[in-house]
Every structure is written in C-alpha cells, then in structure tokens.
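Chemist: The structure that follows is given in the form of structure tokens.
Just so you know, all these numbers are worked out from the coordinates, no wet-lab data involved. Please read all numbers here as calculations on a predicted model, not as lab measurements. Here the Cβ is made from the backbone with ideal geometry for all residues, glycine too, and neighbour counts use every protein chain on show.
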Amino acid sequence: MMVDSLIQLFADPGVSPSLVYDAQTGGNQAIVSFAKTIKIPYASPTIGIHLFASSERRSQSLMQILGVSKQEADNLLGIQYGSKGVLAIQHFPTQTIWARLDEPAFGSGSPGWSPGKIIAHEIFHLWQHQLVKEQWHQQLDPAWLQEGSAEYFAFSVGIAANLFTDGQVTQYCNWAIGENGAQLPRLEEMERYDDFDRTNNRLNGAVYCMLYIYFKKLLRDNPSGIKTYYQLRSQGILWREAFEKSFGTGPELDLS
Ligand SMILES: [Zn+2]
C-alpha cells in the first residue's frame with residue numbers, strides 16, 4: 001500500500017527517534033484505517049507532520065509557514081494556557097500538523113498522550129475538513145462530535161498499530177475519568193461547548209475519554225456509522241439528520 005507517500009514527517013534535532021517512529025506509525029496506520037475501517041480513502045495532497053523539541057520552535061515554524069505574527073501563532077496554539085497548551089494543531093489549507101509531543105509532564109507511555117494517537121487524531125480532523133468543508137460554513141459539526149469521533153478514531157488507530165492495547169486504553173480512561181471525578185462536566189453539558197481545547201483545556205484528557213467511550217458504545221452496534229455519517233455530511237445533509245440516519249438514534253449524550 002502506498003502509505004509513506006502521503007505522510008511527510010519532519011523532526012527537529014532533539015526529538016527522540018522513538019517519538020518519530022511512534023508518530024510515523026500512527027500517521028501511516030491512520031491512512032490505512034481510512035481505507036480499511038472507515039472505508040472512505042484519504043484523498044489529499046501530502047500531509048506534512050512537523051515534530052518540535054520546544055514550544056518556541058513550534059511557534060517559529062507556524063509563523064513562517066502561515067505567515068502569521070508571534071501573537072497569532074501563540075493564540076492558535078493555545079500558549080496562553082501555559083505549558084499545558086494545545087499539543088498539536090492541524091491546518092487544513094496546508095494539510096500540515098504542528099506538534100510538540102515530548103512533554104514529560106503529560107505522563108509519557110500512557111495511550112492518551114501517545115504521539116501516534118495524537119497524530120492520528122489530527123489527521124482525522126484534516127479528513128473531516130476535506131469531506132465537510134463546504135457545509136462547514138453553514139452548519140458546523142458540534143465540537144463534541146468533531147472531537148469524540150476523532151478521539152475514537154485515534155485510539156482505534158493506536159490499537160491497530162500495536163502502539164497500545166484496548167485494555168490499556170480502558171485503564172487509562174478509567175484513571176483519567178476517576179482522577180477528575182466530580183469536576184467533569186456531564187455528557188449533555190458538552191453539547192454547549194464550541195471549543196474544547198480552549199474552554200476545558202485542563203480536563204481534556206478525561207473529557208475526551210468520556211466522548212471516546214460514548215462513540216465506542218455507539219459504534220459497537222453500528223460499525224459503519226462514522227462512514228455513513230461523513231458520507232451524508234459531504235452531501236450537504238445537516239449534522240443532526242445525518243447523525244440520526246447513521247446511528248439510528250439521536251445524539252443522546254446523557255448515558256447515565
Ligand atoms: Zn481535536
């Protein structure tokens with residue numbers, strides 16, 4: 001399969017070889033999964049993945065490639081939230097992902113912060129944009145749906161690529177959700193969020209886990225749901241109708 005031709009990975013000096021390997025593996029497996037599991041192949045020019053050893057280097061690159069100011073670059077990256085700002089970001093027009101993934105504070109080795117999983121998550125966003133870009137201006141997918149489907153895809157890719165096991169994901173999510181307990185929003189509250197990365201940055205790991213579990217349940221009985229959903233969306237069907245047709249149910253975010 002011609003996989004490597006789609007992913008072009010650039011790493012700063014100082015980024016560890018194992019991190020590069022993990023990111024490349026996740027990226028390649030993501031492309032395979034679009035064709036095999038989701039069954040809508042990734043049709044795009046090459047995806048550029050840039051791995052940086054520091055936040056500063058990442059901002060500089062963003063300024064160069066997008067031609068934005070330091071402040072715009074920092075805003076884009078969520079740096080105003082401190083060192084725990086956004087780890088990776090995608091830019092649809094240039095099909096590029098900027099990532100700083102070697103942040104020890106995030107607990108390396110856990111599936112939630114696996115470089116391959118994070119790259120797969122961002123590649124899924126690029127793919128969402130490809131399919132829904134015309135409709136995007138008229139009616140966005142709600143943030144929980146964008147993030148939940150990306151997170152479901154990303155964990156599935158990591159498992160398929162043997163970066164971690166299904167059991168490790170369950171263990172990680174139980175830990176993340178348990179750790180934050182009472183502070184976590186209920187699923188139905190998430191319907192109101194329009195930007196997860198900024199409004200709920202600190203709890204993101206646990207919140208994304210809740211969405212992952214939701215999508216896992218949804219897709220267990222309906223494995224082709226994501227494929228159908230994005231096919232309908234690419235035809236201009238509005239999200240709620242597309243959701244009901246694809247999953248045979250409304251978005252019942254309250255699972256309790
Ligand atoms: Zn995301």
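Chemist: Counting Lys +1, Arg +1, Asp -1, Glu -1, what net charge surrounds Gly250 among other residues with beta carbon under 9 Å of its beta carbon? Could you put the intermediate results ahead of the total?
Modeler: Numbers: positive: Arg240; negative: Glu244, Glu252.
So the surrounding residues net to -1.
Chemist: From the phi of every residue in segment 147-162, what ³J(HN,Hα) in whole Hz does the Karplus formula 6.51 cos²θ - 1.76 cosθ + 1.60 yield, where θ is phi - 60° and glycine or proline is x?
Modeler: For segment 147-162, the Karplus-derived couplings read 6, x, 5, 5, 6, 4, 4, 5, 5, 4, 5, x, 5, 4, 8, 6 Hz, x marking Gly and Pro.
Chemist: Extending each Cα 7 Å along its Cβ direction at Lys70 and Gln171, get the distance between those two points in nm, one decimal.
Modeler: 4.4
Chemist: Sorting check: for 224-230, 240-246, which peptide has the highest mean count of neighbouring beta carbons within 10 Å, and how do the rest follow? Mind dumping the intermediate values first?
Modeler: On the way: 224-230: 18.7, 240-246: 17.0.
Answer by packing, highest mean first, reads 224-230, 240-246.
Chemist: Pairs to check: Lys39/Lys227; Lys117/Lys216; Lys36/Lys245. Give those whose C-alpha atoms are more than 18 Å from each other in this structure. List each step's numbers first, then the result.
Modeler: On the way: Lys39/Lys227 7 Å; Lys117/Lys216 16 Å; Lys36/Lys245 22 Å.
Where the Cα-Cα span goes over 18 Å, the pairs concerned are Lys36/Lys245.
Chemist: On to the next question. Given a Förster distance of 45 Å, report the FRET efficiency between Lys245 and Thr46 from their Cβ-Cβ distance, rounded to the nearest 0.05.
Modeler: Values: r = 33 Å, r/R0 = 0.74.
In this case the efficiency is close to 0.85.
Chemist: Report, for segment 7-247, the % of DSSP beta bridges that are antiparallel, rounded to 5.
Modeler: Working: 4 of 13 bridges.
About 30 percent, rounded to the nearest 5.
Chemist: Would you mind calculating the gained length between Glu179 and Gln235 on full extension (0.36 nm times residue separation, minus the Cα-Cα distance), in nm to one decimal? Could the numbers behind the result be given before it?
Modeler: Values: separation 56, 0.36 × 56 = 20.16 nm, distance 4.11 nm.
The Glu179-Gln235 span can extend by a further 16.0 nm.
Chemist: Read phi for every residue in segment 56-64 and hand back ³J(HN,Hα) as whole Hz from Karplus 6.51 cos²θ - 1.76 cosθ + 1.60, θ = phi - 60°, with x for Gly and Pro.
Modeler: My calculation for segment 56-64 gives 4, 4, 5, 4, 4, 5, 4, 4, 5 Hz in order.
Chemist: Please give the charge dipole size of segment 7-247, origin at the Cα centre, charges +1 on K and R Cβ atoms and -1 on D and E Cβ atoms. Round to the nearest 20 debye.
Modeler: Details: 20 positive and 23 negative charges, 82 e Å.
Taking the Cα centre of segment 7-247 as origin, the dipole is about 400 debye.
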